[in-house]
Structure formats: C-alpha cells, structure tokens
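What follows draws every value from the coordinates through simple rules; no lab data is involved. Keep in mind that what you see is a predicted model, and the values were worked out from it rather than measured. Heads up, the Cβs are rebuilt from the backbone with ideal geometry, glycines too, and the neighbour counts pull from every protein chain shown.
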Amino acid sequence: MKKIIYALILPLVVVSGLVLASREGKHEASKKLTAKSLSAERKAASKKWEATPDGIKYKKWEVSPEGKKVYAGEAKIRKHISAFTHMEAVVTSLSLPPGSRVGFGVMVRINGEDYILSFGPEKADKNFTNEFQPLHSLKVNDNLIIRSHSVSHAPKYSYPIVSGDYVERDSTLMYKRALRKGGC
C-alpha cells in the first residue's frame with residue numbers, strides 16, 4: 001500500500017516542480033523585459049528634458065567651472081557617503097546662501113571644501129518639539145563629526161548639499177535623523 005501511495009505522489013511532486021520552474025523562468029524573463037523598457041523610457045524622457053530650456057541650462061552648468069567644482073566636492077566625500085562613515089567638519093557660517101530653499105542648515109568645511117549641511121524643513125507647530133533645537137546652539141568654527149547617506153547638487157547652489165543624518169560635537173550627539181516608518 002505504501003509503495004502505491006509513493007508511486008502516485010512521486011510523479012505529482014516532479015510535475016509540480018517542473019511547472020513551478022517554468023513559471024519562474026517566464027516571470028524572470030518578464031522582469032527583464034520590464035526593466036529594459038523602463039530604462040529605455042527613462043532615457044527617452046531624459047533626452048526630451050535635456051532639450052527643454054531648463055535641461056539646456058543644466059547641461060551648461062554641468063560643464064561650467066562652477067559645476068565641475070561642485071562635482072569635484074561631491075567626489076571628495078563619496079567614499080564616506082557610501083560607507084556612512086564619520087567626516088570631520090568645521091562650521092563656517094550659520095546662514096545658508098541667499099535664496100536657499102533646502103530648509104534648516106549651516107555651511108561647513110570638510111577636507112578643505114565648502115558644503116551646505118542641510119537638515120530639512122523646520123516645523124513651525126507650537127506643540128511640536130523642534131528636533132533641530134540642539135543644532136541652533138552651533139557657532140562658527142565648531143568642530144563636528146557628521147555622517148550622511150546622501151550628497152546632492154543643484155545649479156542654483158555653488159556648493160554640494162550634504163544631507164545631515166548624524167551630527168556630533170565634542171563627543172555629544174546633537175542630531176540623528178529618525179528613520180522613516182515603513183521605508184527602506
């Protein structure tokens with residue numbers, strides 16, 4: 001009796017394994033097609049944007065001396081950003097360049113280059129405890145240890161923009177960005 005049951009179940013297991021294997025192959029192939037078509041769509045959209053006045057202006061900025069300087073500044077700290085390691089910084093200014101729209105931030109110097117250290121918009125709610133409050137005590141020439149997950153740029157600014165994720169002064173934690181719930 002056991003031999004008959006095993007004889008009936010064995011082909012069932014083999015057939016279901018083959019069905020699942022072929023299904024996975026088709027699923028992977030469709031993923032590759034989707035990825036390729038998205039990539040092609042992105043390239044087409046990028047080319048279309050580059051032909052707009054804003055795109056032309058951005059491309060000119062990229063090859064200008066100012067744009068090259070910003071990219072060089074980003075390259076200097078890229079290893080630290082990728083590895084989320086400590087960077088030593090000195091506060092050079094408590095105000096951002098005129099017309100800045102990056103929220104609360106300060107100007108810092110890291111390895112001889114100037115950067116905008118941005119923390120994001122401040123909330124003006126009276127009932128909300130301002131998470132940036134300790135950062136308002138910073139002074140020019142304060143030495144900081146910072147860590148960041150990202151550095152960005154914009155033609156509007158002459159400096160790379162470092163996102164402030166962790167700030168420490170005199171071995172005291174001043175700010176640590178809270179992780180988003182449900183995010184990566």
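For this structure, a couple of remarks:
- Within straight-line cross-link reach of Lys123, aspartates and glutamates at Cα separation under 14 Å, skipping those fewer than 8 residues along the same chain: Glu131
- Restraint check, Lys156/Lys176; Lys76/Lys139; Lys48/Lys69, Cα-Cα greater than 32 Å: none
- Spin-label pair Ile145-Val14: with each label point 7 Å from Cα along the Cα-Cβ axis, the two points sit 6.3 nm from one another.
- In the range 64-140, taking the dipole from charged Cβ atoms about the Cα centre, the farthest positive-side position among Gly67, Leu138, Leu117 is held by Gly67.
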